[in-house]
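S.K.: Before I ask anything, let me first share the structure, which is written out below as structure tokens.
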Amino acid sequence: MTAPVAAEALLAASAPDHASVTLSVPEACARASAYAPPLIGTDIVTVAQGTGRTLAEPVVALVATPPFTQSAMDGYAVAACGGLAVGNRVQVVGRIPAGGRGGKIAPGQAIRLFTGAPIPEGADAVVMQEHVDRDGDIIVLRRPIRTGDNIRINGEDVQPLEILLQAGERLDARHLALAAAQGIGTLKVRTRPRVAVISTGDELRQAGDALESSAIYDSNRPMLLALIEQSGLVSIDGGWVPDQPEMIADRLLCMAERADLIVTSGGASLGEEDHALEALERAGGSGETLKIALKPGKPAVVGRVGSAAYLGLPGNPVSSLVCWLLLGRTMACSLEGREPPRRLGFPLPSKSAFARRAGRTEFVPVKLEEGHDGLGVEILGRGGSARLQPLAEADGLAEIAAESDGIRPGDLVLFHPLRGGFAI
């Protein structure tokens, strides 16, 4: 459930008519996230189950790491006493594997060590095994060695009671390794938001249906459900509803009992057959239409119905995808009580020209191309908000700044990879 914040009342009282005001992408994202206050619930999961979950409380170090001073290399522990020169001869008097104990040396002596083994008493450096010549129990240094070389000091990585991870951190393999190195077995995480997806439109048909004239198959709902799963959220298939406001309202009310965020595709614009906002209000919810300086995906509806946040996406599939990546993921992050990831693209030169008018931030499908002048991106035609094939062929999306009045070969664009995870 969501925190008891009357977001819709606060927003309605303070908001201008956003259907008539064009918002930048950051402004629209901030507006959308205000309708999605953080969820209250938490779960306890094992470290192995923590991937993609959001921390509900800080993780504090229980022990120092490393917990003892140890060798960073396979080699020989020596008493460098400030430094040993090339050609120094040292006698090997013992052997300590990782997990072993004990050992003591005097100047002129060495103990054979392996990575992670404790440093014996009297030693202050480790010489790498490839930097010595060994003859029986004698090693001869082929490189100079100084005090402290190749040693990991107790607590140099982490000190006890140090805060390792903050609440709101989304966990991946790096964070889980850090927790596991502390002997931590379970983590307190925020409940994963449940996201329901509803397709609307009289023209839509489902897989297996006959496709009569003027009808199309529904591609948005499978795409959005997949995006939601890839985002680590709980997806709920809300099915298809025709373009009838009362039927859409009924489905919204049904999904509001099961979901924390309801997403519809289609009907989000301002035409006579666009019923997203009307249906939301018929269901007892409230919201607004956002006019965004974005291409594709200019219109979107945001609001609340029951205890759920609501996002109405455009019906064209590429518009729907881009709006989900920008607005939907921002709302999901807000529900999880974490900051949305910064939209960081890689600046790459365009290898093609692209005519456009300034005024809207635009995302276009691109392929990576390696040429004699280095790595760049090839824009896959005009794309278009209804064309899926260029999107499927793309390595990513290029972000073109709102102020740009066209792209010429060599101009920099921001590349956002699609394969291996959506990055915008």
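S.K.: Only one of 106, 117 is open to solvent by less than 70 Å² (accessible area, probe 1.4 Å) and over 14 Å from residue 73 (Cα atoms). Can you tell me which?
M.R.: Being open to solvent by less than 70 Å² (accessible area, probe 1.4 Å) and over 14 Å from residue 73 (Cα atoms) holds for just one of 106, 117, which is 106.
S.K.: I'd like the residue in the range 125-183 that is of a type in the set (Asp, Glu) and either touching a Phe, Trp or Tyr at 6+ places or on another chain (Cβ under 9 Å) or part of a strand (DSSP E or B) (or both) and, out of all such residues, is nearest to residue 231 (Cα to Cα).
M.R.: Among them, the one singled out is 133.
S.K.: What are the residues in the range 120-145 that are open to solvent by less than 70 Å² (accessible area, probe 1.4 Å) and free of Cβ contacts under 8 Å to residues at least 40 places away in the same chain, if any?
M.R.: 136
S.K.: What about residue 330, is it touching a residue at least 60 places away in the same chain (Cβ under 8 Å), among the β-branched types (Val, Ile, Thr) and open to solvent by 10 Å² or more (accessible area, probe 1.4 Å)?
M.R.: Judged against the criteria, residue 330 is a match.
S.K.: Need the failing condition index for residue 307 against (1) out of contact with any Lys or Arg (no Cβ under 9 Å at 6 or more places or on another chain); (2) surrounded by 17 or more Cβ atoms within 10 Å (Cβ to Cβ); (3) among the polar types (S, T, N, Q), just the number.
M.R.: (2)
S.K.: Turning to a different aspect of this structure: Of all the strands (runs of 3 or more DSSP E) wholly in the range 347-407, which have at least 3 residues that are closer than 13 Å to residue 417 by Cα?
M.R.: By residue number, 361-371, 396-400.
S.K.: May I ask you to list the residues in the range 101-132 that are within 19 Å of residue 65 (Cβ to Cβ) and either more than 44 Å from the chain's Cα centre (by Cα) or small (Gly, Ala, Ser) (or both)?
M.R.: Hits for the range 101-132 are 116, 117.
S.K.: Name every residue in the range 219-266 that is among the charged types (D, E, K, R) and modelled with pLDDT of 95 or more, in order of residue number.
M.R.: Selection gives 221, 237, 246, 250, 251, 257, 258, 260.
S.K.: Of everything in the range 146-156 that's of a type in the set (D, E, K, R) and surrounded by 15 or more Cβ atoms within 10 Å (Cβ to Cβ), which residue is farthest from residue 179 (Cα to Cα)?
M.R.: 149
S.K.: Would you say residue 298 is over 23 Å from the mean Cα position of the chain (by Cα), closer than 25 Å to residue 222 by Cβ and surrounded by fewer than 23 Cβ atoms within 10 Å (Cβ to Cβ)?
M.R.: For residue 298, the condition - over 23 Å from the mean Cα position of the chain (by Cα), closer than 25 Å to residue 222 by Cβ and surrounded by fewer than 23 Cβ atoms within 10 Å (Cβ to Cβ) - is met.
S.K.: Which of (1) of a type outside the set (Asp, Glu); (2) surrounded by 13 or more Cβ atoms within 10 Å (Cβ to Cβ); (3) more than 21 Å from residue 311 (Cβ to Cβ) does residue 252 not meet, given it meets every other one?
M.R.: (3)
S.K.: Now a separate question. What are the residue pairs meeting all of these: first residue in the range 146-171, first residue closer than 30 Å to residue 84 by Cβ, second residue aromatic (Phe, Trp, Tyr) and part of a loop (DSSP other than H, G, I, E, B), Cβ atoms under 6 Å, and 6 or more apart or on different chains?
M.R.: 154/68
S.K.: Do we find that residue 276 is touching a strand residue (DSSP E or B) at 6+ places or on another chain (Cβ under 9 Å) and under 23 Å from residue 215 (Cα atoms) in this structure?
M.R.: Yes; evaluated as a whole, the condition is true for this residue.
S.K.: So if I check each of 62, 23, which one is in contact (Cβ under 8 Å) with a residue 40 or more places away in the chain, open to solvent by less than 20 Å² (accessible area, probe 1.4 Å) and among the aliphatic types (A, V, I, L, M)?
M.R.: That would be 23, the only listed residue that is in contact (Cβ under 8 Å) with a residue 40 or more places away in the chain, open to solvent by less than 20 Å² (accessible area, probe 1.4 Å) and among the aliphatic types (A, V, I, L, M).
The values are calculated or read from the model by the stated rules, or taken from the named source; none is laboratory data. Small disclaimer: the values here were computed from a predicted structure and weren't measured. Virtual Cβ from ideal backbone geometry, glycine too; neighbours counted across all protein chains shown. Side chains included, ligands, DNA and RNA excluded: accessible areas come from the protein's heavy atoms. Shrake-Rupley method; radii C 1.70, N 1.55, O 1.52, S 1.80 Å.
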